[in-house]
Amino acid sequence: MNAQSRLQAVIFDLDGVITDTAEYHYQAWVIIAKELGIPFTREFNENLKGVSRHDSLKLLLGQAASPRDYSPEELEDLATRKNELYKELIEKVTPADVLPGISQLLSELRVHGIKAGIASASKNAFTVVHRLGMEDQFGIIVDAGKLKRNKPDPEVFLTAAAALGVKPEACIGVEDAAAGVDAIKAAGMFAVAIGPHETFPHADIVLSDTSLLTLDLLAGQFDAS
């Protein structure tokens, strides 16, 4: 890494970037959908990545053959039930579930004095990070419960940067969802996407998986931008 790099912080999404809890979200939504008699496929589940629980629920309910109106109380009950199912499932998470390359990248960031944070839409981010044994590796984990706006709004990334004491233009954001990449760009940050290239037309870099994340690559591309 160039000692004169402008990079001061890397801010990560959690699900699909630090660990893959997407399967647990999927399993929880499958149960809810089955109870409501609504079809739910892995393909449709892709639409829920990076989307808040309540907005995901609205998307799911829109798939019903005969859509009905739910009261705010009913919607809250369904969202809460989904979250309880998910919380039961993530009890299976262990440090072995950290995605490839992430631990090494975090070590490189520490060595070079570059800050790290988590900007996730998940209200269970603290629980998942605890299960991974990684609490001490991030300068900030944004509390999604205190945010007013969801991705693609940049609030979560701007909140993380402010908490780290870093200007947005000195940050890289790492995401695996198109809505998250849009949030990074709206925050004025350099956007790194994990996944298929065609999914992320607005990203500055697209990598097929987390094992390709290295500080040399990130800092080099960031400084060249």
Can you give the Rg to Rh ratio for the chain, taking only C-alpha atoms and Rh from Kirkwood?
-> 0.98
For segment 52-202, the accessible surface attributable to carbon and sulfur atoms (probe 1.4 angstrom, ligands and nucleic acids excluded) amounts in percent to 52
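Hey, with R₀ at 22 Å, roughly what FRET efficiency would H202 and Q4 work out to, going by the Cβ-Cβ distance, to 0.05?
0.20
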Heavy-atom accessible area order for E198, E76, largest first, 1.4 Å probe | E198, E76
Report the relative contact order of segment 1-100, percent, no decimals, based on alpha-carbon pairs under 8 angstrom and at least 6 residues apart.
-> 37
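Using 20 Å as the Cα-Cα cut-off, could you pick out the over-long pairs in K92/K123; K87/K115; K146/K185; K115/K146; K87/K123?
Beyond 20 Å: K87/K115; K146/K185; K115/K146.
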Cα-based shape type of segment 143-206, given that a ≥ b ≥ c are square roots of the gyration tensor eigenvalues and the cut on a/c is 1.5 | oblate
Using alpha-carbon positions, the gyration tensor of segment 84-201 gives root eigenvalues a ≥ b ≥ c; with a/c under 1.5 called rounded, otherwise prolate if a/b exceeds b/c, else oblate, the class is rounded
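Rounded to the nearest 500, what is the chain's calculated 222 nm mean residue ellipticity when only DSSP H runs of at least 4 contribute -39500 (n - 2.57) each, over all residues? List each step's numbers first, then the result.
Numbers: 9 runs with 93 residues, N = 225.
Here the helix-only value at 222 nm equals -12500 deg cm²/dmol.
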Three-way shape call for segment 1-88 based on the alpha-carbon gyration tensor, with the a/c threshold at 1.5 | prolate
Order of 33-40, 84-91, 121-128, 6-13 by packing, highest average Cβ count within 10 Å first?
-> 6-13, 121-128, 84-91, 33-40
With every protein chain kept in place and a 1.4 Å probe, the chain has an accessible area per residue in Å² of 48
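The values are calculated or read from the model by the stated rules, or taken from the named source; none is laboratory data. Just so it is clear, the structure is predicted and the values come from calculations on it, not from any experiment. FYI the Cβ positions are ideal-geometry reconstructions off the backbone, even for glycines, and counts take in every protein chain you see. Accessible surface is based on the protein model in full, side chains and every heavy atom, while ligands, DNA and RNA are left aside. Shrake-Rupley method; radii C 1.70, N 1.55, O 1.52, S 1.80 Å.
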